[in-house]
Amino acid sequence: MAILKIARMGHPILWQRADPVDDPAAPEIRRLIADMIATMDDAGGAGLAAPQVHVRLRLFVFRVAAERSSGAEDDQPMPVSVVINPTVTPLGEEQRLRWEGCLSIPGLRAAVPRYARVRYAGIDEEGRAFTREAGGFHAGVVQHENDHLDGILYPMRMTDFSLFGFTEELARAEAQARGA
Ligand code: NI
């Protein structure tokens with residue numbers, strides 16, 4: 001396994017549309033998946049898409065950590081999940097602002113409108129097709145990672161730029177608001 005270099009916002013690969021994976025079970029795809037999981041964990045991210053590590057393929061990895069899960073049935077904690085050639089469909093019109101960060105936009109966070117619930121389909125690392133329904137953090141991270149495959153970064157989804165800031169400053173402001 002290797003820790004891969006993560007492209008930061010401004011690198012052209014992040015604006016490009018990625019291509020489908022032809023053979024999800026190919027050895028080079030397995031290697032890429034292992035390296036992406038190692039890279040995501042090393043960087044402390046909740047998700048990572050292949051274009052972020054300079055590979056223009058439709059594939060992402062993510063996890064729902066226990067502290068991120070709302071506990072709802074469609075937002076349970078999940079170990080690392082691999083999603084190859086995904087399709088994401090909103091379930092209903094409802095959107096919510098969700099606080100997000102991105103390993104390609106280090107040090108910043110923002111509140112981004114996302115569909116509250118989605119259905120997504122894809123292929124896992126064993127080549128098996130699956131369909132899931134997701135809400136809460138799970139729905140948000142899937143929409144964020146899927147956007148990377150279409151060359152979309154979260155600032156391109158934002159509607160209120162007053163909810164955009166450095167993680168450190170936002171944490172300080174939040175602590176002050178709590179009277180800490
Ligand atoms: Ni991202």
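The values are calculated or read from the model by the stated rules, or taken from the named source; none is laboratory data. Computed from a predicted structure; not experimentally measured. Quick reminder, even Gly has a Cβ in these numbers, built from the backbone with ideal geometry, and neighbours come from all protein chains shown. What goes into the accessible areas is simple: the full protein's heavy atoms, side chains included, and nothing from ligands, DNA or RNA. Shrake-Rupley method; radii C 1.70, N 1.55, O 1.52, S 1.80 Å.
Miscellaneous remarks
- Residues considered: Gly71, Gly45. Of these, the only one that is at positive phi and either under 15 Å from the mean Cα position of the chain (by Cα) or open to solvent by 20 Å² or more (accessible area, probe 1.4 Å) (or both) is Gly71.
- Of all residues in segment 124-152, those satisfying the criterion of being surrounded by fewer than 19 Cβ atoms within 10 Å (Cβ to Cβ) and either hydrophobic (A, V, I, L, M, F, W, C) or assigned to a loop (DSSP other than H, G, I, E, B) (or both) are Asp124, Glu126, Gly127, Arg128, Ala129, Phe130, Asp150, Gly151, Ile152.
- Residue match in segment 110-121 (condition: touching a residue at least 60 places away in the same chain (Cβ under 8 Å) and either of a type in the set (Gly, Ala, Ser) or open to solvent by 60 Å² or more (accessible area, probe 1.4 Å) (or both)): no
- Hits in segment 162-172 (condition: in a helix (DSSP H, G or I), touching a strand residue (DSSP E or B) at 6+ places or on another chain (Cβ under 8 Å) and among the hydrophobic types (A, V, I, L, M, F, W, C)): Leu163, Leu170
- Meets criteria (open to solvent by 20 Å² or more (accessible area, probe 1.4 Å), over 24 Å from Met158 (Cβ atoms), of a type outside the set (Val, Ile, Thr) and more than 12 Å from the ligand (Cβ to nearest atom)) for Ala66: yes
- Hits in segment 112-138 (condition: within 15 Å of the ligand (Cβ to nearest atom) and either among the polar types (S, T, N, Q) or out of contact with any Ser or Thr (no Cβ under 8 Å at 6 or more places or on another chain) (or both)): Val112, Arg114
- Only listed residue being open to solvent by less than 30 Å² (accessible area, probe 1.4 Å), of a type outside the set (Val, Ile, Thr), touching a residue at least 24 places away in the same chain (Cβ under 8 Å) and over 24 Å from Phe137 (Cβ atoms), chosen from Pro51, Pro24, Pro20: Pro24
- Of residues in segment 79-106 being assigned to a loop (DSSP other than H, G, I, E, B) and within 13 Å of the ligand (Cβ to nearest atom), the one surrounded by the fewest Cβ atoms within 10 Å (Cβ to Cβ): Pro106
- Check on Phe161, open to solvent by 90 Å² or more (accessible area, probe 1.4 Å), closer than 18 Å to Gln95 by Cα and either in contact (Cβ under 8 Å) with a residue 60 or more places away in the chain or more than 19 Å from the chain's Cα centre (by Cα) (or both): yes
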